[in-house]
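Input: a single structure, listed below in structure tokens.
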Amino acid sequence: MDQLPNLPVGQQYFKSVINGNAIYVDKTEYIYQICKPIDKGYFLSRPRRFGKSLTLDTINELFSGNKALFKGLWIEDKWDWTDTYPVIRMSFDAIGHEGGLAEALVEAIEDIGKKFKVTLHKKLPGTIFNELIEAVVEKTGKQVIILIDEYDRPIVDYIDPYDLTMANKQRDILKQFFSILKNASNNIRFLLITGVSKFSKVSIFSELNHLDDLTLAPGCATLCGYTQTELTHYFAPYLRVMPPETLEKMKMWYNGYSWDAENFVYNPFSVLKFFRHGRYANYWFETGTPTFLIKLMRKRFTYKLEEIEVSNLILESFRLEKFEELDLSSLLLQTGYLTIKKITPTEKFILDYPNKEVRQAFGQFLLSEYTHTPVTVPYGPNILEALTENNLENVIKIINDLIQSVPDQNYVKDQEKFFHAIIHLIFTMVGSDPRTEMHTPAGRMDTVIITNDRIFLFEFKIEGTAEEAIQCIRDRNYADSLRLRNKPITGVGVVFSASKKGISAWERAEL
């Protein structure tokens, strides 16, 4: 068997990927489109580990004129390799700001100055940054390229754990640092700033109004991440030695991210880890558990993340001013736990989980937060097995056990929505297709679970009888809206006992 190409897991340097016989998914046509215009400045937001750093480093090598690295790539015969520029590159991921962000920025600029052999004298972040740009332009006789990666890291580090005072302090320092870029624009050939988050009141957006935001730009929807075509082409050597159902399963697990609701891409980190290990797992999710988001969602009693309808101004709503007003939808979209699945004719965004990896892992951690149970307990596989066998007795038992495990301080005994949350999260964790409070002409169905072989239609009651719950399903003709799926439909009436903290009765009926 031929030697398989290397997998650039976690690799941020273009030269290392190319020289290391590793797979490089050619994104140079997209890079060409943003780099070709003169004197342009851009901002790009993408979730962590989505290829932002590699994109910046590819641009670095492009403007440095390293043609040999681009042999065989789309851009090789289209770029003027003699027209080189000095590159100022900073990664805020690598700036140790714990001892003070202003001091760390000054030190980082001084280090860049030493590489260019220029002497800097200023001692404030913004003024020394401007001094560096002017000194490099004067020394080289050329405009500079400025590449700034993970600009928001000094702020994000104080969102989890939440420290509004420090987050705002960091924001103000960044405001002063970036504010010099607009007046320095004559000295800048190309500027690209990347990050996970778009803070609406950081100066990048309030003062640098000449920046083009590529986050939702149609031409950049597939700049980061792998398209289906790219996956099948570049990873063909790996796919050839894997089971025939691999592509279908990979699409379910790792595809689904979109920033225009038309082009969908795979999570590159999860794809690379999958090909390395050969098994399906929550690779991307495990690199950064969203503890802060999970706790905030439980505090607000938020659990349903499917088909959320939001304004197309959602990226403008991320503000630090008040903890209570942080926009969860904006946070979840920017961090990659939700994505844009559809854009309505009135320009509203429909958000949803991107894929099975995120839906299953996020549901598991949120369920653990609600019920105070370990995330390691295999509730999901147990329920999935019971559903596959049409064994509702076991399903009900597992649900009951979970509810009874909820600590008293978390238990909301007199609110039906608490039980809805637990049920919804259980089936989200399982990885089935849960729909809660589905609208029909006669009312809203509580929960619908769609498996490969059957549809389960749940109606929940606090107190009352299971027969009444089943009758409610029949009276409102809930099953009619599901018959087009051509699957058997089972109605399940479930009664919760507030006083006993659990399920007091249940009944099933074929509909």
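Scanning the stretch 290-318 for residues that are closer than 15 Å to Leu367 by Cα, among the hydroxyl-bearing types (Ser, Thr, Tyr) and either free of Cβ contacts under 8 Å to residues at least 60 places away in the same chain or surrounded by 18 or more Cβ atoms within 10 Å (Cβ to Cβ) (or both) yields a total of 2. Exactly one residue among Thr335, Thr344 is at pLDDT 90 or above and surrounded by 15 or more Cβ atoms within 10 Å (Cβ to Cβ), and that residue is Thr335. Restricting attention to the stretch 17-53, which residues are part of a helix (DSSP H, G or I), surrounded by fewer than 21 Cβ atoms within 10 Å (Cβ to Cβ) and in contact with a Lys or Arg (Cβ under 9 Å, 6 or more places away or on another chain)? Result: Ile18, Thr28, Glu29, Tyr32, Ile34.
Yes or no: Glu131 crowded, with 18+ Cβ neighbours inside 10 Å and at positive phi?
For Glu131, the condition - crowded, with 18+ Cβ neighbours inside 10 Å and at positive phi - is not met.
Each residue in the stretch 385-409 was checked for being part of a loop (DSSP other than H, G, I, E, B) and more than 27 Å from Arg298 (Cα to Cα), and 3 pass.
Candidates in the stretch 417-436 are the residues that are polar (S, T, N, Q) and at pLDDT below 70; of these, the one that is farthest from Ala386 (Cα to Cα) is Thr436. Checked against (1) buried (at least 16 other Cβ atoms within 10 Å of the Cβ); (2) touching a strand residue (DSSP E or B) at 6+ places or on another chain (Cβ under 7 Å), Leu62 meets all criteria but (2). Against the conditions (1) in a helix (DSSP H, G or I); (2) of a type in the set (Gly, Ala, Ser); (3) surrounded by fewer than 16 Cβ atoms within 10 Å (Cβ to Cβ), Ala281 satisfies every one except (1).
So is Thr55 at pLDDT 95 or above, assigned by TED's automatic domain parsing to the domain that holds Phe190, under 23 Å from Ser197 (Cα atoms) and not acidic (Asp, Glu) or not? Answer is yes for this residue. State whether one or more residues within the stretch 71-85 are in a helix (DSSP H, G or I), more than 22 Å from Phe199 (Cβ to Cβ) and of a type outside the set (S, T, N, Q). There is no residue in the stretch 71-85 that is in a helix (DSSP H, G or I), more than 22 Å from Phe199 (Cβ to Cβ) and of a type outside the set (S, T, N, Q).
Entry remark, the stretch 453-492: residues being part of a loop (DSSP other than H, G, I, E, B) and either touching a residue at least 24 places away in the same chain (Cβ under 8 Å) or closer than 20 Å to Ile422 by Cα (or both) number 9 in total.
Comparison of Leu191, Leu164 shows that the only residue that is within 27 Å of the chain's Cα centre (by Cα), modelled with pLDDT of 90 or more and in the same structural domain as Arg46 (by TED's automatic domain parsing) is Leu191. If you check Gly65 against the conditions, is it in contact (Cβ under 8 Å) with a residue 12 or more places away in the chain and not basic (Lys, Arg)? The answer is yes for Gly65. Selection of first residues in the stretch 259-276 that are within 16 Å of Phe50 (Cα to Cα) and of second residues that are among the acidic types (Asp, Glu), restricted to Cβ pairs under 9 Å at least 6 apart or on distinct chains, gives the following pairs, ordered by first then second residue: Val265/Glu230; Tyr266/Glu230; Asn267/Glu357; Ser270/Glu357.
The values are calculated or read from the model by the stated rules, or taken from the named source; none is laboratory data. These figures come from a predicted structure and were not determined experimentally. All Cβ positions, glycine included, derive from the backbone under ideal geometry; neighbour counts span all protein chains shown.
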